Structure formats: C-alpha cells, structure tokens
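A quick write-up on the structure given underneath.
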Amino acid sequence: EQSRPAVRLTLDDGMPTHAVKYGVLGGVGPLADADVLMRTFDAFQRDGTPSADVRIELLSKPPPRSKKKVIAAGLGYARAVADFMKHSDVEELLISSNTAHKHHARLSRWARAPVFHLIDDVAAQVSRERPTNVLVLGTNEVIEAGLYQSSLERHDVPHTTADDVLPGAQERVQQAIQTAKSGDAVGWRRLIQELLKEILGQVKRPVSHVW
C-alpha cells in the first residue's frame with residue numbers, strides 16, 4: 001500500500017459551475033477509493049442530481065501505519081491532508097476510512113467545509129430499523145477506539161463485538177480485513193463466513209444486524 005503513489009484529482013465536466021461540489025479524503029486503497037467515487041455519483045443520481053452537475057475532489061493517499069513509517073512520513077502525510085482539507089473548493093467533505101474517523105474532530109478543524117461523519121450516519125440509519133442486537137465488525141483500531149460502539153450507544157442501539165461473544169475473534173476479523181485489502185476477495189469471504197458462523201452459533205442475544 002505504501003509503495004503506491006498518492007492521487008489528487010478533480011472529477012467534473014469542465015464547466016465553471018456545478019450544483020454539487022463534494023470532497024473525498026481516501027487512502028483506504030485505490031480500488032476502495034474508486035468504489036467510493038462510484039457510490040457517491042450513484043447516490044447523487046438517485047437523488048435526482050445529474051452526474052454532469054457533480055464536481056468531486058479526491059485525495060487518495062495511504063497513511064503511514066507502522067511506528068517507523070509514522071516517524072519517517074507522518075508529518076508529510078499530515079501536511080498533505082491538511083492542505084487538501086483547507087483548500088478544496090467543496091461544500092462538504094467525506095472521510096472514506098472508518099479508522100480515520102478517530103481524527104474526525106481534528107480534520108474538521110482543518111477543513112473549510114463541513115466534514116460528514118460516516119459512522120454517526122450509519123448508526124442513525126441502523127437505529128431507524130430498531131435492531132435487537134448489532135454485531136460490530138471492524139479493524140482493531142476501530143474497535144479499540146469504540147467508534148461504532150459509542151455512536152450506537154448515542155442512538156440507543158444494542159450492540160456487541162466479536163470478542164464479546166468469542167474471545168480472540170477480533171484478531172480473526174482483522175486477518176479477514178487484511179485479506180480483503182490485499183485484493184483476495186475469495187479469501188476474505190471464506191474467513192469472514194467461517195468466523196460469523198462460529199460467532200452466531202455462540203451469541204446469547206440474537207443478532208439482527210451485522211455491521
């Protein structure tokens with residue numbers, strides 16, 4: 001992931017005015033970021049906004065993950081992100097990474113436009129379905145930071161994590177996610193399906209939603 005180049009681009013039809021100007025801070029991976037862009041265009045079209053009226057600015061830059069890489073490249077990464085957040089000519093910004101929402105408050109301070117909170121929006125949508133119990137799956141960082149758990153609690157949504165049901169299961173979730181990020185979709189599905197079968201077989205309170 002670290003060896004791929006950073007990508008900063010603008011998608012529009014060349015016209016000076018647009019009904020919607022949207023910014024996306026990516027870095028999850030090139031395929032994931034492309035998928036986010038496609039879903040964003042699709043969402044606007046479903047709301048009745050033609051793609052020609054949408055202008056999207058994207059920064060796709062992998063964050064340094066290990067301590068060594070944070071020391072070597074962390075400052076440069078932060079400067080690039082801050083520059084994007086401050087100078088993008090958009091009306092709203094989206095952080096496409098769940099884990100990056102740990103820094104939502106800081107990124108919001110850097111931004112000139114409102115920063116959409118994806119996790120809070122997901123929790124709000126889930127709450128409207130009145131689930132009996134939500135199984136939260138995510139990276140180790142997301143689970144340890146309690147990002148989804150705290151949002152679900154604010155919306156009074158019952159929830160549980162993999163380790164709550166099956167001790168040690170979270171590391172297997174992380175392994176499955178890393179497999180998906182490596183591009184092995186078949187391996188990801190196999191690992192997560194096996195794990196879900198074990199978890200759902202032991203959970204005491206029936207799970208109505210898996211997120």
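For the chain, a crude dipole built from +1 on the beta carbon of Lys and Arg and -1 on the beta carbon of Asp and Glu, taken about the Cα centre, is about 640 debye to the nearest 20.
Which longest run of the chain has no exposed loop site in it, a site being GluC sites (Glu not before Pro) in a DSSP loop with at most 15 other beta carbons within 10 Å, and the site itself not part of the run? Display every interim value, and only then the final one.
Details: sites that count: Glu1, Glu91, Glu129.
Here the longest run is 2-90.
The largest-to-smallest principal axis extents of the Cα set in region 38-77 are 47, 14, 10 Å.
Here log10 I(q)/I(0) by the Debye sum over Cα atoms at q = 0.11, 0.12, 0.18 Å⁻¹ was calculated from the structure, and among (1) -0.69, -0.77, -1.14; (2) -0.54, -0.65, -1.35; (3) -0.61, -0.73, -1.39 it sits at label (3).
Please give the per residue accessible area of region 94-177, computed with a probe of 1.4 Å over protein heavy atoms only, in Å². Spell out each step's value before the answer.
Numbers: 4080 Å² over 84 residues.
Counting only protein heavy atoms, the per-residue value for region 94-177 is 49 Å².
Ignoring lysines fewer than eight residues from Lys21 along the same chain, the ones with Cα atoms less than 23 angstrom from its Cα are Lys61, Lys86. Counted over the chain, the DSSP beta bridges are approximately 25% antiparallel. Averaging the Cα positions of each part gives two centres, and for region 152-168 and region 34-86 these lie 29 Å apart.
Given a 1.4 angstrom probe, I'd like the percentage of the accessible area of region 42-140 that is carbon and sulfur, rounded to a whole number. Kindly include the intermediate steps, with their values, before the conclusion.
Details: 2640 of 5290 Å².
The C+S portion of the solvent-accessible surface of region 42-140 is 50 percent.
Scanning the chain for trypsin sites (Lys or Arg not before Pro) lying in DSSP loops with no more than 13 further Cβ atoms inside 10 Å, the longest uninterrupted stretch between such sites is 113-203.
Helix content alone sets the calculated 222 nm mean residue ellipticity of the chain: runs of n ≥ 4 DSSP H residues at -39500 (n - 2.57) each, divided across all residues, give -15500 deg cm²/dmol. With θ taken as phi - 60° and the Karplus curve 6.51 cos²θ - 1.76 cosθ + 1.60 applied, the whole-hertz 3J(HN,Hα) list for region 68-83 is 4, 6, 5, 5, 6, 10, x, 5, x, 5, 4, 5, 5, 5, 4, 5 Hz, x standing for glycine and proline.
The values are calculated or read from the model by the stated rules, or taken from the named source; none is laboratory data. All figures in this text were calculated on a predicted structure; none of them were measured in a lab. Please note: Cβ atoms are built from the backbone with ideal geometry, for glycine as well, and neighbour counts cover all protein chains shown. These accessible areas exclude ligands, DNA and RNA; they are computed on the full protein's heavy atoms, side chains included. Shrake-Rupley method; radii C 1.70, N 1.55, O 1.52, S 1.80 Å.
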